[in-house]
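The values are calculated or read from the model by the stated rules, or taken from the named source; none is laboratory data. Just so we're clear, the structure is a prediction, and the values are computed from it rather than from any experiment. Glycine gets a Cβ as well: all are built from the backbone with ideal geometry, and neighbour counts include every protein chain shown.
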Amino acid sequence: MKQMRLRYAGVCRVCGAPLPVGTEAIYESETKTVRCVECATRATKTMSPGMAPPRDASLSTESGVAGSSARREYERRKAKDEDRLREKWGRFGGLAVALSEERQHTKSWDRGAIGEERLGARLDGLAADGLAVLHDRRIPGSKANIDHIVITRAGIWVIDAKRYKGRPELKIEGGILRPRVEKLFVARRDCTKLVDGVLKQIDVVRDFAGDVPVTGALCFVEADWPLVGGAFSTRGVHVLWPKRLAKVLMEQSTGDVDVARMREAIASRFKSA
C-alpha cells in the first residue's frame, strides 16, 4: 500500500466516498483499489504504540479479498479494450484510449467489484468470536464464486452482493387457480435469475455443511430502498441492503455452531477466488 496522487478517479473501498483525479489517497496494489486518507488515518490511530500495522481484515489471505475476482476480470477486460484501440489507431492509440469511454460490459465488472468491496468492508466490521466472514470463494468444479460467506452461531449465510440502481420489488403471479410464481424485479427489470443463482450457491454449501442451517441473501448496495420497510424474502432468500443485513446477522448470536471450526472447514473447501 502506498499514498499517491490519483491519476484516475476512484471510490474509497471502505466508506464509498468519491475520489476525484489528483486526490491524495492510499493505493492498495494487491486488490488494485483505493482508500481515502481519512479511512487510512483512522485505521492507523487504532494501533497501539510499537505495533506493526495489521493487514486489513478484507486483505487477509485466509478470509479472502472481497471483490478480488471481479476486480481482476475488470482489469483484464479494460486492458484488452485498450490494446484493441491502440492496435486500431496506431500512433494515435494513446489518445484514442484517453478519449474513449469504457464499454458498458467492461464497466459492469468494475461496478460489481466496488459493490462487493463495500459490502465486504461492512461485514468485516461485524467479525467477532461468534461471527466469521469469508470473501470471494470459489465453488469447486465450477468457474462461479460466492461473494461472501458469513458463519454465525445460528448457521451459515451465503451472500450475493449487487450494485444495481432502482428499487427491488417482489411481484407475485398466479394464486388460487394458477401456480404461485414469485419474481424479483429491480427498476422494472426481471432479475429473478439472481435468486436462482443464490439458491444454487445455498445447495452447494448445504451439501458440504450437512445439518448446519444455510440461509441466502441478495444484498443490493446502492438500490433505491423506501424509507420504511422494503426488505423481503423470496423462495427463502432475503433481499435487503447492507445496514439491514448487518442487523440481521448480529441477531444470529445463539445456536450450536462452532464458528471457528466451521469457518476453517469452509475456508479449506471453498478456496479464495
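So that you can scan it fast, the table gives a plain yes or no per residue for (1) outside any helix (DSSP H, G or I); (2) modelled with pLDDT of 75 or more; (3) buried (at least 16 other Cβ atoms within 10 Å of the Cβ); (4) touching an Asp or Glu at 6+ places or on another chain (Cβ under 6 Å):
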position	(1), (2), (3), (4)
Met4	yes, yes, no, no
Cys15	yes, no, no, no
Val21	yes, yes, no, no
Ala25	yes, yes, yes, no
Glu30	yes, no, no, no
Arg35	yes, yes, yes, no
Glu38	no, yes, no, no
Met47	yes, no, no, no
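Any residue in region 95-113 that's at pLDDT 85 or above: show its pairings with residues that are of a type in the set (Phe, Trp, Tyr) and surrounded by 10 or more Cβ atoms within 10 Å (Cβ to Cβ) at Cβ separation under 6 Å, as long as the two are six or more apart or on different chains.
If the second residue must be of a type in the set (Phe, Trp, Tyr) and surrounded by 10 or more Cβ atoms within 10 Å (Cβ to Cβ), the pairs left are Ala96/Trp89; Trp109/Tyr74; Asp110/Tyr74; Ala113/Tyr74.
I'd like to verify a number: residues in region 128-170 that are surrounded by fewer than 20 Cβ atoms within 10 Å (Cβ to Cβ), touching a Lys or Arg at 6+ places or on another chain (Cβ under 6 Å) and under 15 Å from Ala246 (Cα atoms), how many?
1
List pairs: first in region 138-150 and closer than 14 Å to Glu116 by Cα, second surrounded by 17 or more Cβ atoms within 10 Å (Cβ to Cβ) and among the hydroxyl-bearing types (Ser, Thr, Tyr), Cβ under 6 Å, 6+ apart or cross-chain?
Matching pairs, first to second residue: Asn145/Ser69.
Please enumerate the residues belonging to region 255-273 that are part of a loop (DSSP other than H, G, I, E, B) and modelled with pLDDT of 90 or more. Break it down into steps so the answer makes sense when it comes.
Taking region 255-273 as the starting set, the residues that turn out to be part of a loop (DSSP other than H, G, I, E, B) are 255-258, 270-271, 273.
Residues satisfying the conditions are Gly255, Asp256, Val257, Asp258, Phe270, Lys271.
If you check Pro179 against the conditions, is it loosely packed, with under 13 Cβ neighbours inside 10 Å and either part of a strand (DSSP E or B) or touching a residue at least 24 places away in the same chain (Cβ under 8 Å) (or both)? I'd like the intermediate steps shown before the answer.
Values: loosely packed, with under 13 Cβ neighbours inside 10 Å: yes; either part of a strand (DSSP E or B) or touching a residue at least 24 places away in the same chain (Cβ under 8 Å) (or both): no.
When the stated conditions are applied, Pro179 does not pass them.
Out of the residues in region 214-230 that are modelled with pLDDT of 95 or more and not hydroxyl-bearing (Ser, Thr, Tyr), which is farthest from Gly120 (Cα to Cα)?
The initial filter retains those residues of region 214-230 that are modelled with pLDDT of 95 or more, namely 214-220.
Adding the requirement that they be not hydroxyl-bearing (Ser, Thr, Tyr) leaves 214, 216-220.
Numbers: Val214: 19, Gly216: 16, Ala217: 14, Leu218: 14, Cys219: 11, Phe220: 13 Å.
Ranking the qualifying residues of region 214-230, first place goes to Val214.
Give region 206-249 a look and list any residue that's more than 18 Å from Arg188 (Cα to Cα), among the charged types (D, E, K, R) and either outside any helix (DSSP H, G or I) or not assigned by TED's automatic domain parsing to the domain that holds Leu184 (or both), or say none.
Listed by number, the residues that qualify are Asp211, Arg235.
Suppose we keep only residues that are assigned to a loop (DSSP other than H, G, I, E, B) and within 15 Å of Ser69 (Cα to Cα) within region 141-176. Which one would you say is farthest from the chain's Cα centre (by Cα)? Even if it seems obvious, please write down each step before you answer.
Step one: list which residues in region 141-176 are assigned to a loop (DSSP other than H, G, I, E, B), which gives 141-144, 153-154, 163-167, 174-176.
Right, trim to within 15 Å of Ser69 (Cα to Cα) and you get 142-144.
On the way: Ser142: 19, Lys143: 17, Ala144: 14 Å.
It comes out as Ser142.
Need the failing condition index for Gly120 against (1) outside any helix (DSSP H, G or I); (2) closer than 27 Å to Gly210 by Cβ, just the number.
Every listed condition holds for Gly120 apart from (1).
Considering only residues of region 184-229 that are touching a Leu at 6+ places or on another chain (Cβ under 9 Å) and touching a residue at least 60 places away in the same chain (Cβ under 8 Å), which is nearest to Ile266 (Cα to Cα)?
Step by step, filter region 184-229, then rank; the result is Ala217.
Which number in (1) surrounded by fewer than 18 Cβ atoms within 10 Å (Cβ to Cβ); (2) in contact with a Lys or Arg (Cβ under 9 Å, 6 or more places away or on another chain); (3) of a type outside the set (A, V, I, L, M, F, W, C); (4) under 21 Å from Pro18 (Cα atoms) marks the one condition that Asp81 misses?
(4)
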